[in-house]
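The values are calculated or read from the model by the stated rules, or taken from the named source; none is laboratory data. On a predicted model such as this, the values are computed, not experimentally measured, just so you know. With ideal geometry, Cβ positions are generated from the backbone for all residues, glycine too; neighbour counts draw on all protein chains shown. When the accessible area is computed, the model is the full protein with side chains, heavy atoms only, and any ligands, DNA or RNA have been set aside. Shrake-Rupley method; radii C 1.70, N 1.55, O 1.52, S 1.80 Å.
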Protein chains: 2
Amino acid sequence: MRQRTRRAILDAAIALWSRDFSASLGDIAERAAVSRSTLHRYFPERQALVDAALAEAVAAIEREGEKALVGCRTAVDELSALMRAGIDNGDAILFLFSDPNRFAGNPYWDESEDEDVLGVITRAQAEGGIAADVTPGWILGVFYSLIYTAAEAIASDQLPRHRAVDVAVRTFLHGVGSGDSGAH
Amino acid sequence: MRQRTRRAILDAAIALWSRDFSASLGDIAERAAVSRSTLHRYFPERQALVDAALAEAVAAIEREGEKALVGCRTAVDELSALMRAGIDNGDAILFLFSDPNRFAGNPYWDESEDEDVLGVITRAQAEGGIAADVTPGWILGVFYSLIYTAAEAIASDQLPRHRAVDVAVRTFLHGVGSGDSGAH
DNA sequence: TGAAAATGAGACATCAATGTGTCATTCTCG
DNA sequence: CGAGAATGACACATTGATGTCTCATTTTCA
């Protein structure tokens, strides 16, 4: 029970704070189907919950990202797999990146995931699967933006999950142009 | 002076709330280089400032979008122009769309801009410039996401403004793939 | 079953943000 | 210049979120 409750609170915090960081602890407790008393037993201060949610979100992304990479042959394959994993953890992505400065200086803020993805991107550029005349930083931003957009489309029932993943990967690689106009 | 002060407060509110909606009125007053007293004279309650900022952001987007459309020949041209205009008003875009539910039910919340862009998108699909096998809703989401990403890249000095616009439009139409792999 | 753990309910105290006033100072413009 | 508008600097009350505590109830597990 102990772990289940903690998990419910963290999930609720990430789900709510990913959309609105001003959500109160009362809101989170309600979402987690837990009393505010219990929430305070697990996380005595608001900041403690922020830190734990941050650590949990980072861990989830790393964990799922790791799993997604098995069996990939090219760097582009890896990016597609990471995008799928990111969409499946849309709340965590959104929570981490909705405000790039929110966690600046927080010891639990870990940019290694950024570094990992950037590595895959530069590798994909070297392999010729990703345009080499655009900065990796821009590509990383597009990568996360499309994950966000796909997660949002799923959450609002605009697209089924599998369709959202396909369309996001396709948009990432080829854009939404018809394809018959000359690429740059 | 009266109008200038009001404008400074609205700009500060949009700039701060676009990144962090929990920013306090004190933060906004400081950013606007104005005392909290003055802020309260212009906007007696927090909600009044929220409403005014919302109305101002909507108006700015509509106004700049309108201006951007002159001289466009194709619907794809219009989308490119709208994207440029959006990036130039990145704070307003971000403020309006960072939380799609924040302004639900607010009388100043106007979805007509959404409708306008959706119209251009379907027109572009009919003209053959935009893929017709993807939902307009998805394309709209990608459109705004790339505006956000470009505005963020500019704000963090990763890309100069003109370069960000170019790269965003190109990504919108052709993605970040190298282009020599078969498009869908 | 029965003790220990976990939880819920609620009464507080505290604190930061917000809202409301007053008064002095600065500025704008006739 | 000088009156009126605009602003800044406070003091203060209010409010909602947060943090702390106690006690009753429920759940878990040996």
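A compact globular protein would have a Cα radius of gyration near 2.2 N^0.38 Å; the ratio found for the range B:1-44 is 1.02.
Across every direction, the projection of the convex hull enclosing the Cα atoms of chain A has a mean area of 12.1 nm². A Förster distance of 41 Å, applied to the separation of the beta-carbon atoms of A:Thr5 and B:Ser22, puts the FRET efficiency at 0.95.
Chain B packed on chain A takes about 3500 Å² of accessible surface away from a 1.4 Å probe, both sides summed. Count Lys and Arg as plus one, Asp and Glu as minus one, and take only other residues whose Cβ is under 13 Å from that of B:Leu94; the net charge is then -4. In the range B:124-167, the residues whose accessible area drops by at least 50 square angstrom when the other protein chains are added to the isolated chain are B:Trp138, B:Ser145, B:Thr149; the probe is 1.4 Å and only protein heavy atoms count. Think of each Lys and Arg Cβ as +1 and each Asp and Glu Cβ as -1; about the Cα centre, that makes the dipole of the range A:53-174 roughly 380 debye. Across the identical copies, the label point of A:Leu25 (7 Å from Cα in the Cβ direction) is separated from its matches by 2.5 nm, in order from shortest.
For chain A, the longest principal axis of the Cα atoms and the long axis of helix A:2-17 meet at an angle of about 60 degrees. Inter-label distance, B:Arg46 to A:Asp114: 2.9 nm, where each label sits 7 Å from its Cα along the C-beta direction.
On C-alpha positions alone, give me the angle between the axis of helix B:112-127 and the longest principal axis of chain B, in degrees, nearest 10. On a 0 to 90 degree scale, this one is about 10.
For the protein assembly as shown, what Kirkwood radius comes out of the mean inverse Cα-Cα distance, in Å?
Computed over the protein assembly as shown, the radius equals 21.7 Å.
Using only Cα coordinates, the Kirkwood hydrodynamic radius of the range A:104-184 works out to 14.4 Å. For helix B:161-174, report the angle its Cα long axis makes with the longest principal axis of the Cα atoms of chain B; keep it between 0 and 90° and round to the nearest 10°. Compared with the principal axis, the helix lies near 40 degrees. At the listed q of 0.26 Å⁻¹, the Debye profile of the range B:54-127, built from one uniform point per Cα, gives log10 I(q)/I(0) equal to -1.23. Label-point distances for B:Leu118 to the equivalent site in the other copies, using a point 7 angstrom along Cα→C-beta, read 3.9 nm when ranked shortest first. Would you compute the Debye intensity of the range B:42-95 from its alpha-carbon atoms alone, equal scatterers and no solvent, and pass along log10 I(q)/I(0) at q = 0.26, 0.28, 0.31 Å⁻¹ to two decimals? Here log10 of I(q) over I(0) equals -0.93, -1.01, -1.12.
If the Kirkwood radius is taken over C-alpha pairs of the range A:1-103, then at 25 °C and 0.890 mPa s the Stokes-Einstein diffusion coefficient equals 169 µm²/s.
For the pair B:Thr38 and A:Asp99, a Förster radius of 22 Å applied to the C-beta separation gives a FRET efficiency near 0.20, rounded to the nearest 0.05. Between the range B:1-52 and the range A:59-82, the C-alpha centres lie 44 angstrom from each other. For the range A:1-102, applying the loop criterion from DSSP together with a ceiling of 10 other beta carbons within 10 Å to the trypsin sites (Lys or Arg not before Pro) yields A:Arg73.
Think of each Lys and Arg Cβ as +1 and each Asp and Glu Cβ as -1; about the Cα centre, that makes the dipole of the protein assembly as shown roughly 900 debye.
Set the Förster distance to 25 Å, then compute FRET efficiency between B:Arg31 and A:Glu30 from the Cβ-Cβ distance, nearest 0.05.
Working: r = 33 Å, r/R0 = 1.32.
It comes to 0.15.
Listed values for the range B:155-160 are Karplus-derived 3J(HN,Hα) couplings in whole Hz (6.51 cos²θ - 1.76 cosθ + 1.60, θ = phi - 60°), namely 4, 9, 6, 7, 9, x, and x replaces Gly and Pro. Excluding ligands, DNA and RNA, the accessible surface per residue across the range B:54-174 is 43 Å² with a 1.4 Å probe. Counting only protein heavy atoms and a probe of 1.4 Å, the accessible surface of chain A is 49% carbon and sulfur.
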